[in-house]
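Below you'll find the structure, written out as structure tokens, and then a few comments.
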Amino acid sequence: MRIPRPRSLAGQLFAMQVVLVAAIVAGCALFAYFTDRSQAEESARLQTSATAAAAARSPSVVQAVRSDDPSAALQPYAEALRKDAGMDFVVIMDPQGRRWTHPEPGEIGRTYLGHIEPALRGEIYSERYTGTLGLSVRTVAPVRDDGKVVALVSAGITIEEISEQVAKQVTALLVMAGGALALGGVGTYVINARLRRHTHGMNAAELGRMHDYHQAALHAVREGLIMLDGSRRIALVNDGARELLGLGDDAVGRPVADLGLPAPLTGALLASEPRVDEVHLTADRVVVVNTQPVVGGEKRGTVVTLRDHTELQALSGELDSERGFSQALRSQAHEAANRLHTVVSLIELGRADEAVDFATAELELAQALTDRVVGAVGEPVLAALLLGKAAQANERGVELVLTEDSRIDDGVLPASLPSRDLVTILGNLVDNAVDAAAGVGALVPAGPAEPRDDLRVAPPPPGGVRARVTVTARAERDELLLRVADTGPGVEPESVDDVFRRGWSTHGPGRGIGLALVRQAVHRGHGTITLTRAPEGGAIFTVRLPLTPEPRP
């Protein structure tokens, strides 16, 4: 006859747990039966040790030992102590082992049966020994008077008494085992009934397939996915989220506040209200965050999705640069047309020499910066960027100067420093410097009562000084140095750290990400960025990037 097997997971677990509970209870009962005797003996040793030690420290015992007839005073005391402590005997003897007390008065005066040498040395000694009352567990303790051992106290419990205690304990254990088995069966049934509701009657194979599909879908999604429990700890995270946030293998179970993420991003993940398409910065990436609280259950959790916005942000920056280049080219084309008309008009007026002089001067002026940049910066991307920025700066009345010690040969920059990051770093620094020098808005915080994310527009430099931005680009030893200085109002010392925080902008809401992206690109290149004050009062941004690849710590 074939024994029917339950199909659902809950039924299988119920059958397995009933057998397991029965096996555990039976095993515990057998184990307790075979080990109860040793435990009872250990308990007897502790009891005899406590009784013998207490009697040895009793002042009345010491006083009786000093008397002429110690047995007369000690026999009643020892019998009372034996009955109160549940001992089978309490024997007090002299250092030679001659008994002063004994439960059987006829044994008084005879020699104690057992080892007393450790007690004579001042130790409390326990042993299993056969004496006049049979096999017993006993403890001998020394009685001291002014530091000298003047007597010994032995307290013991017979093995027969211990066996009677074991029998009582085993009986009680069997009763408890039966009750535990019944209670375990009822509890198992209740738990599995609830499990059956939660698993919808599915068996283990069906749940296994669902888990496999779940894991495959989780790792196949390129976007980041994080699930937080009610305590704001990570309950689940996929590969995309680990990569975007730089999380390790130990991320599951860690609180969000302990992940070391930037404060604005941490605040978004911990927020109780939903967040929709918020842009946040990590050390290496720009991410778009969406959060949705989970409603239901005792504690509410949160589902977080992350999208990588880094490349899109970089492309947006490049598009802005290209737009600026095109505007500069249009302006230059307009100016070139005006100059060409001037030359043509001079020729028509018969002033050919003056036309040649005018054209030559304009050509030399236009070519000077180009020759300077191309001669010093052999890297084509940086050279093109500096030429475009120079044209933009000139349109705004700002002079862009490349220092004499600038030098970057073509092919010097390694693959670990991608051109996109260099454009992000130098382009944003020059743009901010031009803004500050032109008086459009310096990175100066607003008044105390105003939000810190707002910046006030600074006035032009005093005294009519020419607005200027000075750029240094130099590859020296194993390091690339990029330094941008301006003649603007500079940055207050207490605001230096806030400059690189996302949101500082002079162009209204939704801007202020340039310097944050610069710091992010510098971090990707394992470099450093510092902000100091120029002697004439402007700001100096200095970026140092290693030219040799470094492993990320």
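Looking only at the stretch 104-116, residues that are out of contact with any Gly (no Cβ under 6 Å at 6 or more places or on another chain), more than 16 Å from Ser49 (Cα to Cα) and open to solvent by 60 Å² or more (accessible area, probe 1.4 Å) come to 3 in all. If I filter the stretch 249-275 down to residues being without any contact (Cβ under 8 Å) to a residue 12 or more places away in the chain and either open to solvent by less than 30 Å² (accessible area, probe 1.4 Å) or not in a loop (DSSP other than H, G, I, E, B) (or both), which single residue comes out as nearest to Asp308 (Cα to Cα)? Per the criteria, the residue is Thr266. For the stretch 401-419, taking the residues that are open to solvent by 40 Å² or more (accessible area, probe 1.4 Å) and of a type in the set (Ser, Thr, Tyr), the one that is nearest to Val471 (Cα to Cα) is identified as Ser419. Scanning the stretch 123-161 for residues that are part of a loop (DSSP other than H, G, I, E, B) and under 21 Å from Glu104 (Cα atoms) returns Thr132, Leu133. Close contacts from the stretch 141-161, counting a first residue that is at negative phi and of a type in the set (Lys, Arg) and a second that is buried (at least 16 other Cβ atoms within 10 Å of the Cβ) and part of a strand (DSSP E or B), with Cβ to Cβ under 8 Å and a gap of 6+ residues or different chains, come to Arg144/Val150. For beta carbons closer than 8 Å, sequence separation of 6+ or different chains, a first residue in the stretch 207-236 that is on the phi > 0 side of the Ramachandran plot and a second that is open to solvent by less than 60 Å² (accessible area, probe 1.4 Å) and at pLDDT 85 or above, the qualifying pairs are Arg232/Pro255; Arg232/Thr302. Residue count for the stretch 468-488, restricted to those that are crowded, with 22+ Cβ neighbours inside 10 Å and either acidic (Asp, Glu) or over 38 Å from the mean Cα position of the chain (by Cα) (or both): 7. Filtered by the rule that a residue be part of a helix (DSSP H, G or I) and not polar (S, T, N, Q), the stretch 46-60 gives Leu46, Ala50, Ala52, Ala53, Ala54, Ala55, Ala56, Pro59. Checked against the criterion of being under 16 Å from the mean Cα position of the chain (by Cα) and either modelled with pLDDT of 85 or more or within 19 Å of Gln520 (Cβ to Cβ) (or both), the candidates Ala268, Ala241 yield just one match: Ala241. The single residue among Glu364, Glu379, Glu348 that is open to solvent by 60 Å² or more (accessible area, probe 1.4 Å) and either in contact with a Cys (Cβ under 9 Å, 6 or more places away or on another chain) or modelled with pLDDT of 70 or more (or both) turns out to be Glu348.
Filter the stretch 420-435 down to the residues that are under 16 Å from Asn394 (Cα atoms) and among the acidic types (Asp, Glu), then identify the one that is most open to solvent (accessible area, probe 1.4 Å). Out of the qualifying residues, it is Asp431. Within the stretch 61-103, the only residue that satisfies the criterion of being open to solvent by 50 Å² or more (accessible area, probe 1.4 Å), acidic (Asp, Glu) and not in a loop (DSSP other than H, G, I, E, B) is Asp84.
May I ask you to verify whether Ala119 is touching a Lys or Arg at 6+ places or on another chain (Cβ under 9 Å) and surrounded by 16 or more Cβ atoms within 10 Å (Cβ to Cβ)? Considered against the rule, which asks whether it is touching a Lys or Arg at 6+ places or on another chain (Cβ under 9 Å) and surrounded by 16 or more Cβ atoms within 10 Å (Cβ to Cβ), Ala119 comes out as no. The number of residues in the stretch 197-229 being under 26 Å from Ala271 (Cβ atoms), modelled with pLDDT under 80 and open to solvent by less than 30 Å² (accessible area, probe 1.4 Å) comes to 1. Out of the stretch 43-56, which residues are farther than 10 Å from Ser126 by Cβ and not small (Gly, Ala, Ser)? Within the stretch 43-56, Gln47, Thr51 qualify.
The values are calculated or read from the model by the stated rules, or taken from the named source; none is laboratory data. Note that the structure is a prediction, hence the values are computed from the model and not measured. Positions of Cβ are generated from backbone atoms using ideal geometry, with glycine treated the same way; all protein chains shown enter the neighbour counts. With ligands, DNA and RNA removed, areas are computed over all heavy atoms of the protein, side chains included. Shrake-Rupley method; radii C 1.70, N 1.55, O 1.52, S 1.80 Å.
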